[in-house]
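The values are calculated or read from the model by the stated rules, or taken from the named source; none is laboratory data. In this text the structure is predicted, and so the values were computed from the model without any measurement. Here Cβ is always computed from backbone atoms with ideal geometry, including for glycine, and neighbour counts include all displayed protein chains.
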Amino acid sequence: MNLQQDYLEKFVKRYNKRTQNSKEFAQKYRPIIADNRASDGFNPFFKEVFYPIVAKQSFGAKVWDIDGNEYIDLIMGFGINLFGHNPPFIKQALQEQLELGIQIGPQTEMVGEVAELICELTQMERVAFSNTGTEAVMTAVRIARAVTSRNKIALFSGSYHGHFDGTLAKAPTENGNFHTLPIAPGVLPNFVTDILVLDYGNPQSLEMIKAHQNELAAVLVEPVQTRRPNLQPKEFLLQLRQLTATSGIALIFDEMVTGFRIHPGGAQAYFGIQADIATYGKIVGGGMPIGVIAGKAVYMDAIDGGIWNYGDESFPQTKKTFFAGTHCKHPLSIAAALAVLKYLKNQGSALQQQLNQRTSKFVETLNACFEEEELPIQLAHFGSVFGPAALGTDEVSDHGAATASMDLLFYHLLDKGVLLRGAGNFLSTAHSDEDIEYAIQAVKDSIQELREGGFLPSISLKRNAVQVV
């Protein structure tokens with residue numbers, strides 16, 4: 001048995017013992033739960049450790065699994081938990097609303113104040129609420145098409161806008177020509193016929209938009225893509241704003257991740273660009289399901305026909321598109337959102353600035369470690385979002401030696417109590433200096449163990465010689 005096989009067998013045995021109940025849970029319920037998260041990235045090489053950690057409780061920056069193991073959480077609800085898990089001020093708001101009941105049908109009492117705070121922080125004019133980010137994006141695109149009377153939309157490779165069929169497109173190149181295809185079986189080709197998938201940050205994409213300006217209802221953009229946090233093309237966005245404004249194209253910012261995280265006003269405030277429509281979720285819901293569509297009145301009036309008053313001859317005059325949802329403005333979601341928005345307003349931009357600085361230091365420290373260890377890994381961050389500097393876009397990575405080593409690093413960190421994923425990790429205000437130092441040390445220890453197991457190359461003899469001197 002070679003060094004790698006021997007090491008891997010011992011590690012798998014150790015990891016399985018540590019997370020025994022999570023593995024048994026996965027096996028027990030796999031026949032009845034169809035769960036994409038339980039199969040994404042499946043690698044036969046790691047089959048015996050390929051199962052989700054099952055959480056039992058969480059608080060602050062930590063999660064505990066059903067085996068009693070403690071983890072420092074760097075996934076943070078895929079970006080939801082800016083303040084950590086179960087923050088007291090949100091918990092109190094939810095408890096108070098539960099005492100009052102869950103009234104669906106009548107208007108929720110706090111929704112007006114929530115809408116006012118969203119408009120105040122984002123500088124948008126009107127707001128509508130949905131249940132999820134996917135619904136918010138779907139609605140924003142529908143609004144843009146209704147108002148502009150155009151069909152096409154443009155979006156960018158590498159972005160993620162939820163699982164609405166109308167955004168699940170890719171544009172492979174054949175003989176130098178682009179053509180749009182669904183990204184998965186079950187998405188009908190006609191759903192993506194009117195989508196242009198362009199290269200983000202590339203000036204040629206602006207030329208493509210200009211060439212189709214009379215057909216485009218909207219350009220949908222994730223200002224900084226979670227998959228590529230190193231790509232922060234401010235000048236491109238400024239030019240895009242100018243082009244869309246001149247051409248009567250709705251500029252839609254998908255701020256599910258950046259909204260309220262990079263700045264109280266989101267990426268729009270950070271880059272100094274006002275979109276026509278923006279979609280929000282995650283942080284603003286305080287852990288409860290929510291989607292927000294905010295924008296200029298000329299677009300948002302398509303939801304309800306526009307503003308009218310009592311006591312005069314006014315009435316809804318704008319032609320409406322279709323919008324509905326039983327759980328939109330759910331009392332618990334709105335109660336949590338009010339608590340979050342009040343907290344953000346009271347804290348001001350210092351909250352984001354301090355967290356962004358801590359994340360920058362964290363990423364710099366890890367990158368210095370990777371350089372010291374001569375590993376081809378580099379992290380990037382945008383505010384408190386961090387991940388690999390380059391992760392590709394729509395291509396499925398192979399499972400070669402390098403990929404296997406990185407997968408093993410991920411499992412070693414889990415084994416040491418650090419919960420994270422490949423792209424889209426987050427620091428929260430609940431992470432202490434001790435938490436961050438523990439995560440850094442866990443990375444260093446994992447690298448050393450993988451090197452001893454033969455999964456990482458030995459540091460060069462030349463470098464070792466320098467160290468000895």
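From the list 325, 306, 281, 287, pick out the single residue that is assigned by TED's automatic domain parsing to the domain that holds residue 138 and closer than 19 Å to residue 224 by Cβ. Before the answer, list the steps.
Details: 325 fails: closer than 19 Å to residue 224 by Cβ; 306 fails: closer than 19 Å to residue 224 by Cβ; 287 fails: closer than 19 Å to residue 224 by Cβ.
Result of the check over 325, 306, 281, 287: 281.
In region 326-345, which residues are within 28 Å of residue 264 (Cα to Cα) and not in a helix (DSSP H, G or I)? So that I can check it myself, show each step before the final result.
Initial filter on region 326-345 (within 28 Å of residue 264 (Cα to Cα)): 327-345.
327, 328, 329, 330 - these are the residues of region 326-345 that are within 28 Å of residue 264 (Cα to Cα) and not in a helix (DSSP H, G or I).
In region 166-178, the count of residues that are of a type in the set (A, V, I, L, M, F, W, C), over 23 Å from residue 280 (Cα atoms) and surrounded by fewer than 21 Cβ atoms within 10 Å (Cβ to Cβ) is one or more.
Every condition in (1) out of contact with any Ser or Thr (no Cβ under 9 Å at 6 or more places or on another chain); (2) touching a residue at least 60 places away in the same chain (Cβ under 8 Å) is met by residue 165 except one, and the failing one is (2).
A search for C-beta distances below 8 Å between a residue of region 291-320 that is assigned to a loop (DSSP other than H, G, I, E, B) and any residue that is of a type in the set (Gly, Ala, Ser) and buried (at least 23 other Cβ atoms within 10 Å of the Cβ), counting only pairs 6+ apart in sequence or on different chains, returns 318/302; 319/302; 320/302. Can you find a residue in region 35-54 that is outside any helix (DSSP H, G or I) and on the phi > 0 side of the Ramachandran plot? Yes, some residue in region 35-54 is outside any helix (DSSP H, G or I) and on the phi > 0 side of the Ramachandran plot.
Among the conditions (1) in contact with a helix residue (DSSP H, G or I) (Cβ under 8 Å, 6 or more places away or on another chain); (2) outside any loop (DSSP other than H, G, I, E, B); (3) buried (at least 20 other Cβ atoms within 10 Å of the Cβ), the only one that residue 113 does not satisfy is (3). Taking the criterion of being of a type in the set (S, T, N, Q), free of Cβ contacts under 8 Å to residues at least 60 places away in the same chain and out of contact with any strand residue (DSSP E or B) (no Cβ under 8 Å at 6 or more places or on another chain), the residues of region 205-261 that qualify are 213, 239, 242, 246. Considering (1) over 29 Å from residue 436 (Cβ atoms); (2) assigned to a helix (DSSP H, G or I); (3) more than 28 Å from the chain's Cα centre (by Cα); (4) in contact (Cβ under 8 Å) with a residue 12 or more places away in the chain, the lone condition that residue 26 does not fulfil carries the number (3). Return a yes/no flag: does region 125-147 have any residue that is closer than 30 Å to residue 285 by Cα, in the same structural domain as residue 263 (by TED's automatic domain parsing) and modelled with pLDDT under 95. Scanning region 125-147 turns up no residue that is closer than 30 Å to residue 285 by Cα, in the same structural domain as residue 263 (by TED's automatic domain parsing) and modelled with pLDDT under 95.
Across region 29-40, the qualifying residues are those that are free of Cβ contacts under 8 Å to residues at least 12 places away in the same chain and closer than 29 Å to residue 4 by Cα, and the one among them that is surrounded by the fewest Cβ atoms within 10 Å (Cβ to Cβ) is 40. Residue count for region 151-189, restricted to those that are of a type outside the set (A, V, I, L, M), part of a loop (DSSP other than H, G, I, E, B) and touching a helix residue (DSSP H, G or I) at 6+ places or on another chain (Cβ under 8 Å): 5. Filtering 78, 59 for residues that are free of Cβ contacts under 8 Å to residues at least 60 places away in the same chain and not assigned by TED's automatic domain parsing to the domain that holds residue 263 leaves a single hit, 59.
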